[in-house]
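Here is the structure we will look at, set down as C-alpha cells.
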Amino acid sequence: MRPRVTALRPERRGRVAVDLDGERWRTVPAEVAATVGLVVGRELDRPALRELRRALRRSEALASATKALRHRDVSSARLTQRLEAAAVAPAVRADALDVLARAGLVDDERFAERRAEALAERGFGDEAILHDLERQGLPAELRQHAVATLADEAVRARGIVARRGSGPKTVRYLAAKGFGEGALEAALDGSVADDT
C-alpha cells in the first residue's frame, strides 16, 4: 500500500507540514508542495516521491543562492562555488543559477562594473581591480570592460597624489594599490607641473 497524504498544515516561514497515513511526515516549502501537487488524498508512489525530491533540491539550491545574494551582489562563479560547497548537484545548481539570472538577481556584467567602481572609489588601480575581478571568477572580457568604464587610472592617481602629496610614500602607496607605471608617471608629472 502506498502512503497517502492525510493532512497539510501551514507552518511558519512559508512551509507546510505534511502528514502521511495520519502521522506527521515532514515539512516542505509551500511552493514545493504546490509545484508537485501535494493535496490531501494523493498517493505518493515512487515517481511522485522522486518529483518531490527534485523540487526540494531545487528549492534548497535557490534558498542557498538567494541567501548569498541577500546582502550584496555575487558573481555567478562565486555562487557556483557556494552551491558546490553545499553539495548541490550540478544539474540543480545550473537550474538555480539560470532561474536567478533570468530574474536579474545574478548578472556578471553588472557585478563586474559595480565591483570595479567600488574598488576604484577606495583608491585601487586598474591592476588590483583586474586581479580582484579575476579572483571573483569573472571572464577576461568582463574584467576588461568593467575597468574600461572607470575614470582614467592616471586621473584617479592624480587625485590621490593631490591628497597625499608627491613624495616617495605616495609612490609606494600607489604601487601597492595596483596603479601601473604609466599612471604613476602621469600622476607625478602632473603634480610636479602643478608645483612649478
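The values are calculated or read from the model by the stated rules, or taken from the named source; none is laboratory data. What you are looking at is a predicted structure, and each value in this text was computed from that prediction instead of being measured. Ideal geometry is used to build each Cβ from the backbone, glycine not excepted, and the neighbour counts take in all protein chains shown. Keep in mind that these areas ignore ligands, DNA and RNA; they rest on the heavy atoms of the full protein, side chains included. Shrake-Rupley method; radii C 1.70, N 1.55, O 1.52, S 1.80 Å.
Some observations on this one:
Matching residues to (1) over 30 Å from residue 85 (Cβ atoms); (2) of a type outside the set (Val, Ile, Thr); (3) touching a residue at least 60 places away in the same chain (Cβ under 8 Å):
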position	(1), (2), (3)
12	no, yes, no
27	no, no, no
48	yes, yes, no
61	no, yes, no
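- Candidates 105, 83, 100 - the one that is under 12 Å from the mean Cα position of the chain (by Cα), open to solvent by 30 Å² or more (accessible area, probe 1.4 Å), at pLDDT below 95 and farther than 16 Å from residue 178 by Cβ: 105
- Residues that are of a type in the set (A, V, I, L, M) and more than 15 Å from residue 119 (Cα to Cα) were ranked within the stretch 156-172; the one that is most open to solvent (accessible area, probe 1.4 Å) is 162.
- Screening residue 50 with (1) over 26 Å from the mean Cα position of the chain (by Cα); (2) outside any helix (DSSP H, G or I); (3) of a type in the set (D, E, K, R) gives one miss only, at (2).
- Qualifying position, being open to solvent by less than 40 Å² (accessible area, probe 1.4 Å) and either closer than 28 Å to residue 73 by Cα or among the charged types (D, E, K, R) (or both), among 153, 141: 153
- Scanning the stretch 64-76 for residues that are without any contact (Cβ under 8 Å) to a residue 24 or more places away in the chain and either more than 24 Å from residue 112 (Cβ to Cβ) or open to solvent by 40 Å² or more (accessible area, probe 1.4 Å) (or both) returns 67, 70, 71, 72.
- Filtered residue count, the stretch 108-136, keeping only those that are open to solvent by 20 Å² or more (accessible area, probe 1.4 Å), under 16 Å from the mean Cα position of the chain (by Cα) and in contact (Cβ under 8 Å) with a residue 12 or more places away in the chain: 6
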